[in-house]
Every structure is written in structure tokens, then in C-alpha cells.
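Reading through the C-alpha cells given below for one structure.
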Amino acid sequence: MNFELKDKVVFISAASKGIGRATAELFIKEGCKVAIASRNQGNLISAAADIKKTLGVEPEWVVCDLNKAEDIETAVHEVNRTLGEIDILVNNCGGPVPGKFDELEFKDWEQAADQVLFSALRFTREVLPAMKAKNWGRIINITSISVKQPIDNLMLSNSFRSALIAWAKTLSNDVGQYNITVNNIAPGFTLTGRLYELAVTRAKERGESHEHVLSSMTNDVPLKRLARPDEIGALIVYLASVQASYITGQTIAVDGGLIKSTY
Ligand code: NAD
């Protein structure tokens, strides 16, 4: 299928590793001009070099800490200058710290709000004027299955990701008239550093090994395996495509059937 994405400018935040990086590779394979961002320059340089080695194309990269408003503004301006105005914005972020309500300090809430919610708002404010002017755009937020089924001990993720999808739905109503779609992806257990960290935390709480935790997570999934990051990225690329022009305001899980509800 030809997704008609050639030469579209794609910006993906928090993309030196994991789902963000896998998504960047898929967009490059579609012939897009891709920029990846992350807070760590060393990780970005090595991700860009690895991608060049495997795909023959080096993504643009820009250092951007999602907890710093000024980094977000600068990153978008830099990509506009080097690649052109952004057509497809993928809002990804690092996962906020785990914890229950009475274990979290107010500064944890502030940092998670910046990381998960305000970063997406800030990027979107930067890119929307150009999308409206072109009468075309895609905004895709990477969230979590926690928006459909809250996950124990992830108070911050559960709270701010739900706010994010409410914002995205409202935004999709406002910008649909400009052919701009806004959707959310809710990944299930995906083989990345974040999942490993969560397994280690859960293992400590329960006095088990992280291998045991990972295997019991796997067992909970009807498909009996964890997701590969590119299986999440594949839906993101589809949602950006012309074929997905009539899909907006949705939150779609890619979770191997893990969520137990029917919607
Ligand atoms: P990951 O840990 O593999 O990668 C996270 C990326 O975010 C890295 O590139 C890291 O450098 C970057 N990052 C972290 N903090 C940042 C900051 N302040 N500023 C800029 N960049 C920052 O994570 P992943 O598994 O690819 O997860 C991506 C998102 O999906 C996360 O929000 C995660 O919570 C969520 N998620 C993951 C899973 C899973 O099982 N892996 C499941 C559901 C949701």
C-alpha cells in the first residue's frame, strides 16, 4: 500500500530509543524527512548513526528536554529551518516516575505534567499555524493502555495521560475543518527500556525477579508475547497516511488484547 507520505516532514519527540525511535525508522522507510528529539545528545548521535547504518538515511536530530518549554520552541524552529514546516507531529515522552498517591511529592506531579501533558500542548501550539495554512496535518500522541485501564502504581501516568486524551479529543473537534487529524496510540507491554525499568520496580515491590515479572506480564497478554516497538510504530505511520484521513479523535490500543474491556 502506498501511504503517500514521501517528503512529509515528521517530528518525533523522545525518540532516541524505544517506540519513538522505531517509529522514526518506519517513517524514513516511507520516504519522509524525519527529525528525532531527546534530551541526551550522545543518545541522539548514536541513534542517528545507527539508523544511517541500517537505512542509509540519517535523521535530523535536535536536543530537547520536554521539561523545558524553551527547548520545545527552539526544537521546532530548528526543524522548520532544516527540513521545512512540520506536517506530522508525534508527541512522545519518557514515562513519569511510578508511585502511589501518598508516595509522590508535588514536584513529581509538576514534572509529570510538563513531561506528559504540557510538552504535547507546547509542540502543538508551535506546529498548528503551519498545518492550518497548508490545510493538512497529523498530530499523534503516544500514550498508554493506562488511559483505558489504569495501571497499579502508575498514578502520574494514569492521571496525565487521561488529561492528554481529553485535550486531544477536544482539539480534534476544533482542527478537523483544516484536514488536521489528532489521534492517540495506547501501547501495551512493549519491549523497551521503559518496560524493563517498570519490571525492575515491580520486582522490588513484590520481592520477585524482574524475569519473573516480565514473564507474568507476557502471560497476561492474550497473544502471549510482548510487543516489538515497530508494531506500535506501524499504527502511527498508518494514522499519518492518506488512507487514515477519516480517523480523528480516537485512542487506539496496540496491546495484544491486554485491555479487558470491549471498547
Ligand atoms: P523508552 O524508555 O525506551 O524511551 C523513552 C525516550 O524518551 C528515550 O529516547 C528518552 O531519552 C526520552 N526521554 C525521557 N525523558 C525525556 C525528557 N525529559 N525529554 C526528552 N526526552 C526524554 O520508552 P518507550 O517504551 O519507548 O516508551 C515511550 C512512551 O510510551 C513512554 O511515555 C512510555 O511510558 C509509554 N509506554 C510504554 C510502554 C512499554 O511497555 N514500553 C507501554 C505503555 C506506554
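To keep it simple, each residue is scored yes or no on (1) within 15 Å of the ligand (Cβ to nearest atom); (2) crowded, with 20+ Cβ neighbours inside 10 Å; (3) not in a strand (DSSP E or B).
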| position | (1), (2), (3) |
| --- | --- |
| I36 | yes, yes, no |
| G42 | yes, no, yes |
| K52 | no, no, yes |
| V62 | yes, yes, no |
| G84 | no, no, yes |
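Exactly one residue out of N67, N92 is open to solvent by 50 Å² or more (accessible area, probe 1.4 Å), within 12 Å of the ligand (Cβ to nearest atom) and touching a residue at least 24 places away in the same chain (Cβ under 8 Å), and it is N67.
Taking the condition within 11 Å of the ligand (Cβ to nearest atom) and in contact (Cβ under 8 Å) with a residue 40 or more places away in the chain, does Q111 pass? Yes.
Among the residues of the range 174-191 satisfying the criterion of being touching a Ser or Thr at 6+ places or on another chain (Cβ under 9 Å) and more than 9 Å from the ligand (Cβ to nearest atom), which is most open to solvent (accessible area, probe 1.4 Å)? I'd like the intermediate steps shown before the answer.
Of all residues in the range 174-191, those touching a Ser or Thr at 6+ places or on another chain (Cβ under 9 Å) come to 175-176, 179-189.
Then keep just the ones that are more than 9 Å from the ligand (Cβ to nearest atom); that gives 175-176, 179-184.
Values: V175: 4, G176: 36, N179: 81, I180: 2, T181: 9, V182: 1, N183: 1, N184: 4 Å².
Ranking the candidates gives N179 first.
Just a yes or no: is a residue in the range 101-115 in contact with a Lys or Arg (Cβ under 6 Å, 6 or more places away or on another chain), over 17 Å from A14 (Cβ atoms) and part of a helix (DSSP H, G or I)? Checked against the condition, which is being in contact with a Lys or Arg (Cβ under 6 Å, 6 or more places away or on another chain), over 17 Å from A14 (Cβ atoms) and part of a helix (DSSP H, G or I), the range 101-115 yields no hits at all. If you check N80 against the conditions, is it in a helix (DSSP H, G or I) and under 23 Å from A227 (Cα atoms)? Spelling it out, it is not the case that N80 is in a helix (DSSP H, G or I) and under 23 Å from A227 (Cα atoms).
Cβ-Cβ distances below 9 Å connect the following pairs, each with a first residue in the range 195-206 that is farther than 23 Å from T143 by Cα and free of Cβ contacts under 8 Å to residues at least 12 places away in the same chain, a second residue that is more than 9 Å from the ligand (Cβ to nearest atom) and part of a helix (DSSP H, G or I), and a separation of six or more residues or different chains: A203/H210; A203/E211; A203/H212; A203/V213; A203/L214; K204/H210; R206/H212; R206/V213.
F123 fulfils the conditions (1) of a type in the set (F, W, Y); (2) more than 23 Å from S146 (Cα to Cα); (3) open to solvent by less than 70 Å² (accessible area, probe 1.4 Å) except for a single criterion, (2).
Is it true that A48 is among the small types (G, A, S), within 13 Å of the ligand (Cβ to nearest atom) and in contact with an Asp or Glu (Cβ under 8 Å, 6 or more places away or on another chain)? Walk me through how you get there before you give the answer.
Values: among the small types (G, A, S): yes; within 13 Å of the ligand (Cβ to nearest atom): yes; in contact with an Asp or Glu (Cβ under 8 Å, 6 or more places away or on another chain): yes.
The answer is yes for A48.
Taking the criterion of being touching a strand residue (DSSP E or B) at 6+ places or on another chain (Cβ under 7 Å) and not in a helix (DSSP H, G or I), the only residue of the range 64-76 that qualifies is C64.
Comparison of R194, R161 shows that the only residue that is open to solvent by 10 Å² or more (accessible area, probe 1.4 Å), at pLDDT below 95, within 13 Å of the ligand (Cβ to nearest atom) and not aliphatic (A, V, I, L, M) is R194.
Give the number of residues within the range 24-34 that are within 16 Å of the ligand (Cβ to nearest atom) and open to solvent by 20 Å² or more (accessible area, probe 1.4 Å). Before the answer, list the steps.
Going through the range 24-34, the residues within 16 Å of the ligand (Cβ to nearest atom) turn out to be 24-27, 34.
Adding the requirement that they be open to solvent by 20 Å² or more (accessible area, probe 1.4 Å) leaves 25-26.
Residues that pass the stated criteria total 2.
The values are calculated or read from the model by the stated rules, or taken from the named source; none is laboratory data. Predicted model only: the values in this text are computed from it and were never measured. Here Cβ is always computed from backbone atoms with ideal geometry, including for glycine, and neighbour counts include all displayed protein chains. Heads up: the accessible areas ignore ligands, DNA and RNA and are worked out on the full protein's heavy atoms, side chains in. Shrake-Rupley method; radii C 1.70, N 1.55, O 1.52, S 1.80 Å.
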